[in-house]
Amino acid sequence: MTDLIQDIVHSLDSGSVIPYLGPEMLSLCADVKVPATPLALAESMTAKVSVPHKIRKRLTQAAQFIENFKHRKSVVHLMNEAFAATPVPSALQLALAASNACLWVDAWYDDSFAAALKATPGDWSQVQGLSQSEHFGDWTGAYAADGSLLTDPPAGRQRLLYKPLGSHSPAGNYLVSDSDFVEVLTEIDIQTPIPAAVQAWRTGRHFLFLGCRFDDQLTRCFARQIMKRSSDRHWAVLPEEPTRMEARFLAEQNITRIAMPLAQFSEALIAAMQAEVAA
């Protein structure tokens, strides 16, 4: 395991790793006041708006019901309330933000990793997925580090945060309802919703999956399409025994499972990164 972590550190140092962060990254943050799982988010939304009992714990279906019978603005309002607080970045987030990685994929709605980037030197921008119900014809929105809208998409070698599901800041963009995902999944196989800058950065690089599960079709589909045309070697910290479909996905994408609790991996990776700098 030590050799494997050292390999990841060397790859981070060379800029050849793309960290891909899921909602379980929030488990490393202190005093988290935002939903840290799809279930927690569904329960947060349905505690404020009545939805049929059978879909109360199903995030995309609950969001769709609210969108249909209230309004899209109600969904956005509930999401903005749920993610209004910015979690203090964890030590792992700060270490990854300060690394030589140039692209980070953050597949949750909170602002903690953006806060980590703000706390480290260097310019960066972010690209977020957009709902077609609010931005028909535009798949992504681009923003500078200060939150200002970029009229031209990021290009060149600038560091980039990619939020495929959208984010609370700076503009409350969210892919969360069934219809949001149907629109994206209709086009994602031909890469239309994937920003050109992300497609350029991922070429030949390795992905490091942290805080992610692949136990539903949606998360597997997004990861598969975002990884397309990258390298043939990746890693995923996955302490839980994979489901049958997760195991198939890991094998299909040549992702090495690291069967280690995320907090333990965080400590080991940070220690190895610090030793690399000191050497």
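Could you list, in sequence order, all residues of the range 116-141 that are part of a loop (DSSP other than H, G, I, E, B), of a type in the set (D, E, K, R) and closer than 19 Å to residue 89 by Cβ? Spell out the reasoning first.
Looking only at the range 116-141, we keep the residues that are part of a loop (DSSP other than H, G, I, E, B), and these are 119-123, 130-139.
Within this subset, residues satisfying the condition of being of a type in the set (D, E, K, R) are 123, 134, 138.
Answer for the range 116-141, where residues must be part of a loop (DSSP other than H, G, I, E, B), of a type in the set (D, E, K, R) and closer than 19 Å to residue 89 by Cβ: just 123.
Per-residue answers, yes or no, for (1) in a loop (DSSP other than H, G, I, E, B); (2) charged (D, E, K, R); (3) surrounded by fewer than 22 Cβ atoms within 10 Å (Cβ to Cβ):
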{"site": "146", "(1), (2), (3)": "yes, yes, yes"}
{"site": "170", "(1), (2), (3)": "yes, no, yes"}
{"site": "186", "(1), (2), (3)": "no, no, yes"}
{"site": "199", "(1), (2), (3)": "no, no, yes"}
{"site": "209", "(1), (2), (3)": "no, no, no"}
{"site": "221", "(1), (2), (3)": "no, no, yes"}
{"site": "231", "(1), (2), (3)": "yes, no, yes"}
{"site": "242", "(1), (2), (3)": "yes, no, yes"}
Fill in the blank from the handout: Screening 43, 67 for residues that are of a type in the set (Asp, Glu) and under 14 Å from residue 131 (Cβ atoms) leaves only 67
Fill in the blank from the handout: Within the range 163-215, the residues that are closer than 27 Å to residue 80 by Cα and in contact with a Lys or Arg (Cβ under 6 Å, 6 or more places away or on another chain) are 214
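Given the criterion part of a helix (DSSP H, G or I), of a type in the set (Ser, Thr, Tyr) and buried (at least 19 other Cβ atoms within 10 Å of the Cβ), identify the matching residue among 179, 266. Full working, then the answer.
Numbers: 179 fails: buried (at least 19 other Cβ atoms within 10 Å of the Cβ).
The match here is 266.
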Exercise for the section: Residues being of a type in the set (S, T, N, Q) and in contact with a Phe, Trp or Tyr (Cβ under 9 Å, 6 or more places away or on another chain): count how many of those fall in the range 235-279. Expected result: 3
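Rundown of residues vs (1) in contact with a helix residue (DSSP H, G or I) (Cβ under 6 Å, 6 or more places away or on another chain); (2) not hydrophobic (A, V, I, L, M, F, W, C); (3) not assigned by TED's automatic domain parsing to the domain that holds residue 153, yes/no style:
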site: 211; (1), (2), (3): yes, yes, no
site: 214; (1), (2), (3): yes, no, no
site: 220; (1), (2), (3): yes, yes, no
site: 228; (1), (2), (3): no, yes, no
site: 243; (1), (2), (3): no, yes, no
site: 247; (1), (2), (3): no, no, no
site: 251; (1), (2), (3): no, no, no
site: 254; (1), (2), (3): no, yes, no
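The values are calculated or read from the model by the stated rules, or taken from the named source; none is laboratory data. The structure presented is a predicted model; accordingly, all values stated were derived computationally and were not measured. With ideal geometry, Cβ positions are generated from the backbone for all residues, glycine too; neighbour counts draw on all protein chains shown.
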